[in-house]
Amino acid sequence: MTDTDHRYALYTVEQVRALDRHAIDVLGIPGFELMRRAAAAGLASLRRHWPQARRLAVWCGPGNNGGDGYLLGALAKEAGLQVELIALSGQATGDALQARTAFEFAGGRVHLFDPAAPWPDVDVYVDALYGSGLNRAPEAPVAGLIERINAGGKPVLALDVPSGLDADRGTCPGAAVRAKVTVCFIAAKRGLYTGVASDYVGELELDTLQLPTSLWQAQPADGELLRPTSLPPRPRVAHKGDHGHLLVVGGDHGMGGAIRLCGEAALRAGAGLVSVATRDVHVVALNAGCPELMARGVDGPQSIGPLIERADVLAVGPGLGQGAWGHALWLTALDSDRPLVLDADGLNLLAREPRRFDRAAVLTPHPGEAARLLGVDIATVQADRFASARELAHRHGAVVVLKGAGSLVAHPDGRLAACPWGNPGMAVAGMGDVLTGVIAGLLAQGATAWEAACLGVGLHARVGDAAAEAGERGLLASDLFGPLRRLGNGPRHA
């Protein structure tokens with residue numbers, strides 16, 4: 001893994017601990033030196049984001065995360081800032097005790113946390129209460145403190161992890177600090193990039209504490225972050241047949257919009273030809289609204305069979321329904337040998353009739369669909385999105401996209417990627433249909449299932465961010481088509 005690559009790597013908490021131990025025991029970097037570097041990185045971030053800040057309140061826990069806070073306080077005082085430091089406990093050991101001593105040597109005074117004490121009047125709060133090791137709800141007195149910090153009306157800088165957030169799973173067992181900025185140390189903790197974590201981490205920064213590249217070769221990562229990529233330029237002699245023929249299957253009565261969004265997204269993602277198998281009633285509207293889609297009315301397996309034979313890839317599920325018509329088309333599509341993308345009712349039918357795929361397949365469930373596929377409730381899926389995505393991929397022999405804040409892409413071989421883009425404006429009907437079309441369009445152009453899912457998820461989210469520049473509320477799924485064409489063709493068109 002190169003120095004550039006490791007900044008995109010995602011690690012479990014235990015893996016980061018192993019990196020930390022390797023840096024100390026093998027590379028010979030003292031733990032206190034790593035703490036000093038973390039404090040310096042935290043203060044540098046604070047000064048970048050709030051250059052006018054002159055007064056800080058730093059809350060320190062009893063462990064090494066508190067030690068980071070003590071040293072940040074010492075460095076801040078040396079820089080001429082006023083620091084009010086509040087410790088949860090009068091006890092500290094090891095490097096944290098040395099850090100506390102350094103703060104006091106710099107002229108600082110440590111105040112023990114007292115719920116009845118006056119609240120500090122400062123410019124910025126610094127959260128150094130708990131590090132990545134906390135995987136339970138904070139106890140009552142600290143939970144109350146966290147809630148006061150969140151309600152204090154000042155920006156919060158979190159050191160390594162917002163206190164109360166599970167850095168492995170992206171969940172909050174209880175109260176958690178809502179940071180404006182989080183500076184993550186040594187390596188990116190995977191839980192900060194998915195689930196409810198997006199409501200707590202704010203702007204995420206990674207500081208690797210000047211550690212050498214050899215460190216990353218000592219510990220395989222658990223996953224990776226998606227990177228901004230686009231498709232390569234096309235040859236000048238390219239023709240439509242070079243870019244794949246996709247058949248989109250769905251659009252039961254009243255659901256013609258879903259199938260159109262999916263088909264048009266595939267065209268905007270670069271598929272050469274897109275056919276649509278849908279209800280007869282939708283054909284005229286599809287031809288009028290998007291004449292580039294080759295819409296055909298189908299009433300069952302016999303009429304869809306020839307369309308499947310002519311297609312290279314299938315996208316099955318948008319607006320499909322779970323009645324006799326939708327089930328017959330679903331069964332015919334899955335019994336073919338064509339690579340496919342399954343979404344919406346295509347997944348709900350799969351939950352009723354499970355199967356494992358022996359060809360390229362991508363499943364794109366939201367948490368509710370994932371819960372039905374796994375036979376659990378939504379809370380169980382969300383409690384460990386990483387395990388849920390991997391289990392679905394293993395069970396079905398397919399690449400799985402677990403949608404939601406911080407969408408995850410899982411491969412049957414255990415590979416996993418997390419999406420760092422996207423916004424709340426995308427929580428609107430039709431967005432999943434667009435994503436299905438984008439992934440299927442990339443699959444039709446020759447990408448592998450893993451490549452199509454990773455590129456498609458990343459492109460869809462980045463396009464959503466571009467479309468949301470005019471405002472998140474009121475964003476429509478079809479608003480993504482213009483930015484999708486620009487970003488899909490590379491930076492010169494963005």
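Can you give me the long-range amide H partners of Glu84? Hydrogens built in the peptide plane at 1.01 Å from N, cutoff under 5 Å, separation of 5 or more residues or another chain. It is Leu56, Ala57, Val58, by chain and number.
Each of Gly323, Ala295, Ala387 was placed along the dipole of region 289-431 (beta-carbon charges, centred on the mean Cα), and the one lying farthest toward the positive end is Ala387. Each residue was assigned an accessible area with a 1.4 Å probe, and for His396 the value is about 0 Å².
When the dipole is taken about the Cα centre of region 18-165, and only Lys, Arg (+1) and Asp, Glu (-1) are charged at their Cβ, what size is it in debye, to the nearest 20? Provide the component values of the computation, followed by the final result.
Working: 13 positive and 15 negative charges, 65 e Å.
Value, rounded to 20: 320 debye.
Between the amide H of Ser407 and those of Cys419, distances stay under 5 Å, these residues lying 5 or more places away or on another chain, with hydrogens modeled in the peptide plane.
Scalar couplings 3J(HN,Hα) for region 180-194, obtained by applying the Karplus form with A = 6.51, B = -1.76, C = 1.60 to θ = phi - 60°, are 7, 9, 10, 9, 8, 9, 6, 8, 6, 7, 4, x, 7, 10, 8 Hz; x denotes Gly and Pro. Cα centroid separation, region 358-427 to region 91-168: 34 Å.
Within the chain, all pairs of alpha-carbon atoms sorted by distance into 10 Å bins from zero give the percentages 4, 19, 26, 21, 15, 10, 5, 1, 0. Average accessible surface for the chain: 41 Å² per residue, computed with a 1.4 Å probe over protein heavy atoms with every protein chain in place. Here is the tail figure for region 332-473: Cα pairs spaced more than 28 Å apart come to 12 percent of all pairs.
When all protein chains stay in place and ligands, DNA and RNA are ignored, the 1.4 Å accessible-area order of His6, His411, largest first, is His411, His6. For Lys154, the lysines whose Cα falls under 30 Å of its own Cα, not counting residues fewer than eight places away in the same chain, are Lys77, Lys180, Lys189. Taking the 1.4 Å solvent-accessible surface of the chain as the whole, the part contributed by carbon and sulfur is 51%.
Across region 114-129, computed HN-Hα scalar couplings (Karplus, 6.51 cos²θ - 1.76 cosθ + 1.60, θ = phi - 60°) run 9, x, 8, 6, x, 6, x, 9, 9, 9, 9, 9, 10, 9, 10, 6 Hz from first to last residue, x flagging Gly and Pro.
Database remark: amide H of Ala295 closer than 5 angstrom to the amide H of Val276 (H placed geometrically; neighbours at sequence offset of 5 or more, or on other chains; Pro and chain starts carry no H). Distance from the Cα centroid of region 5-79 to that of region 290-339 is 55 Å (rounded to whole angstrom).
Listed by number, the DSSP H helices of the chain that run 24 Å or longer by alpha-carbon position along their axis and have mean Kyte hydropathy of at least 0.0 are 449-467. Each Lys and Arg adds +1 at its Cβ and each Asp and Glu adds -1 at its Cβ; summed about the Cα centre, the chain shows a dipole of about 740 debye. Estimated from helices alone, the mean residue ellipticity of the chain at 222 nm is -11500 deg cm²/dmol (sum of -39500 (n - 2.57) over DSSP H runs with n ≥ 4, per residue). Only beta bridges with both residues in the chain are counted; by DSSP, about 15 percent of them are antiparallel.
The trypsin sites (Lys or Arg not before Pro) found in region 233-312 that occupy coil by DSSP, while having at most 15 further C-beta atoms within 10 Å, are Arg236. A Förster radius of 41 Å combined with the Cβ-Cβ distance from Arg109 to Ala427 puts the calculated FRET efficiency at roughly 0.30. A simple rule links phi to the HN-Hα coupling: the Karplus curve 6.51 cos²θ - 1.76 cosθ + 1.60 with θ = phi - 60°, which for region 212-228 gives x, 4, 4, 4, 6, 6, 8, 9, x, 7, 7, x, 8, 8, 5, 10, x Hz, with x for Gly and Pro.
The values are calculated or read from the model by the stated rules, or taken from the named source; none is laboratory data. No experiment lies behind these values; they were computed from the predicted model shown. In this analysis, Cβ positions are derived from the backbone assuming ideal geometry, glycine residues included, and neighbour counts consider all displayed protein chains. Side chains included, ligands, DNA and RNA excluded: accessible areas come from the protein's heavy atoms. Shrake-Rupley method; radii C 1.70, N 1.55, O 1.52, S 1.80 Å.
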